[in-house]
Amino acid sequence: MNNVVISGTGLYQPPNTISNAELVEAFNRYADLQNEQNAAAIAAGERQPVPHSSVEFIEKASGIKQRYVIEKDGVLDPARMYPRFESRPDEQLSLMAEIAVDAAKKALAAANKKPEDVDAVLCAAANMQRAYPAMAIEIQQALGAGGYGFDMNVACSSATFAIEQAVNAVKSGTANCVLVVNPEITSAHLEWRDRDCHFIFGDVCTAVIIERADTATSADQWEVLGTKLATQFSNNIRNNFGFMNRMEDSDPLARDKTFMQEGRKVFKEVVPIAATHIEGHLAALGQEPTNVRRFWLHQANQGMNQFVIKKLVGADAGDDVAPLILDEYANTASAGSVIAFHEHRADLKSGDLGVICSFGAGYSVGSVIVRKR
Ligand code: CO8
């Protein structure tokens, strides 16, 4: 069995930001427009008016202050309220592959690796742009990597679940160097017209290089001590968009064809699942939560992360223990914990222990325990 390290990470950051103020302003214009158009039905009590959103609510309930998006104008157009993407010819790189290639090149440079050193590409994200051919194979070709590639989806836990596949492949010797990419174009599957969730998500792509410890040459290496995955079925986060919709004669624009959640139930149910999972994983490796120098947690809600850390170490989570990136990026589905790891690890010292942990739809939870070399 080979020892395995994470030897580099990369981040694609979209060119546009939307502040809460801009988002709320556009949403409230949309609400006013709807209410004007439906004034008679509202006055007759046949329809409820669309209520206004508020910056104060968003910041207090979630901790999110802004989000990055690939396309901004369509989202902020009250007559549209979703991004504008142009369809591309089959010969052109798809949008998911394009942002993944950008993040992958940065991760390869950080890991001191060439594309031809990579012998597996895993494209792991909460939604895929198409069914086939796999985006991972498109990315493999665009980079000039070897070996094989495949797509996989475990919603918000896609990145940690892919890291486990990569770690096992390298450990067993079926691959030497694996690229995991997480292109999350969440703006395309968020319902921007729903006040309860319009503020939640942002676009981004992360990339991680996982390789044999004896081939790693980068200055910043993280030994993977263990990975642990778990799932438990729940309908509380759901999206019914899929290839069967047409055959079912269901409306492709119906509310259930984009992200839906029972946010409060998710909050309550997922916090104990995540805390128990991390504690169990650390215990299996003979470690206590208080031995962990840093937790890079899933970035869905500031309060959720505070509760998870309180359950684990019995204290409030400062940024030094569990850094937050969701104020800047919002929830980026599977990429959130990887962005936190990417941006908040430079100050750790050799021997320091860290936990990367995702949790979300499924339910799913995945943890990766690492030690700085
Ligand atoms: N402005 C003003 N008021 C609002 C707004 C708003 N924008 N939204 C809701 N309100 C109101 C509600 O109507 C409600 O009013 P009332 O009390 O009169 O009924 C009140 O505010 C409170 O509403 P909530 O109970 O919904 O508020 P919460 O405090 O629960 O906060 C959150 C809502 C922020 C959504 C919170 O519940 C949360 O973050 N929960 C956890 C969610 C989570 O972790 N989800 C994981 C999802 S991500 C994932 O797994 C990946 C999925 C795949 C990716 C999909 C990409 C698109």
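The values are calculated or read from the model by the stated rules, or taken from the named source; none is laboratory data. Because the structure is a prediction, the values reported are computed rather than measured. Positions of Cβ are generated from backbone atoms using ideal geometry, with glycine treated the same way; all protein chains shown enter the neighbour counts. Just the protein is used for accessible areas: all its heavy atoms, side chains included, with ligands, DNA and RNA removed. Shrake-Rupley method; radii C 1.70, N 1.55, O 1.52, S 1.80 Å.
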task: For the range 222-372, give the share of DSSP beta bridges that are antiparallel, in percent and rounded to the nearest 5; count only bridges with both residues there.
output: 85 percent
- request: Determine the principal axes of the Cα atoms in the range 1-148, then give the extent along each, sorted from largest to smallest and rounded to whole angstroms.
  value: 69, 37, 28
query: Most mobile of Glu22, Glu328, Glu211 per a Gaussian network model of the chain (Cα springs, under 10 Å)?
result: Glu22
- prompt: How large is ³J(HN,Hα) for each residue in the range 6-23, as worked out from phi by the Karplus curve 6.51 cos²θ - 1.76 cosθ + 1.60 (θ = phi - 60°), to whole Hz, x for Gly and Pro?
  reply: 8, 10, x, 9, x, 9, 9, 10, x, x, 10, 10, 10, 6, 4, 4, 5, 5
- prompt: Ordered by residue, what ³J(HN,Hα) values in Hz, to whole numbers, does the range 239-248 give under the Karplus form 6.51 cos²θ - 1.76 cosθ + 1.60, where θ = phi - 60° and Gly and Pro are x?
  reply: 9, 8, 5, x, 6, 8, 3, 5, 5, 7
Within the range 239-258, backbone nitrogen closer than 12 Å to the virtual label 7 Å beyond the Cα of Ala131 toward Cβ: 242-247
- line: Percent of all alpha-carbon pairs of the range 206-348 at distances over 20 Å, whole number, is 59 percent
- prompt: Pick from Asp220, Asp32, Asp117: which residue has the top mean-square fluctuation in a GNM of the chain where Cα pairs under 10 Å get a spring?
  reply: Asp32
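How large is the convex hull of the C-alpha atoms of the range 70-164 per residue, in Å³? Mind showing how you got there, number by number?
On the way: hull volume 11.5 nm³, N = 95.
Once divided by residue count, the hull of the range 70-164 is 122 Å³.
May I ask you to give the percent of accessible area on the range 222-372 that is carbon plus sulfur, with a probe radius of 1.4 Å? Intermediate results must be reported in sequence, preceding the final value.
On the way: 3510 of 6850 Å².
Summing carbon and sulfur atoms, their accessible area is 51 percent of the total for the range 222-372.
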task: Only helical DSSP H runs with n ≥ 4 go in: add -39500 (n - 2.57) per run for the chain, normalise by residue count and round the 222 nm mean residue ellipticity to 500 deg cm²/dmol.
output: -10000 deg cm²/dmol
field: In degrees, nearest ten, helix 263-284 long axis to first principal axis of the chain (Cα)
entry: 10 degrees
- prompt: Any idea what the relative contact order of the chain is, in percent, if you count C-alpha pairs under 8 Å spaced at least 6 apart?
  reply: 23 percent
query: With each label point set 7 Å from Cα along the Cα-Cβ vector, what nm distance links Glu116 and Arg29?
result: 5.3 nm
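Give me the orientation-averaged projected area of the Cα convex hull of the chain, in nm², one decimal. Before the final figure, lay out each step's value.
On the way: hull surface 76.3 nm².
Averaging across all directions leaves 19.1 nm² for the Cα convex hull.
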query: Which residue fluctuates the most in the chain, going by a Gaussian network model with Cα springs under 10 Å, if the choices are Ile273, Ile185, Ile209?
result: Ile273
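Return the FRET efficiency for the residue pair Ser350, Arg47: r is the Cβ-Cβ distance, R0 is 51 Å, and the value is rounded to the nearest 0.05.
Working: r = 63 Å, r/R0 = 1.23.
Result of the calculation: an efficiency of 0.20.
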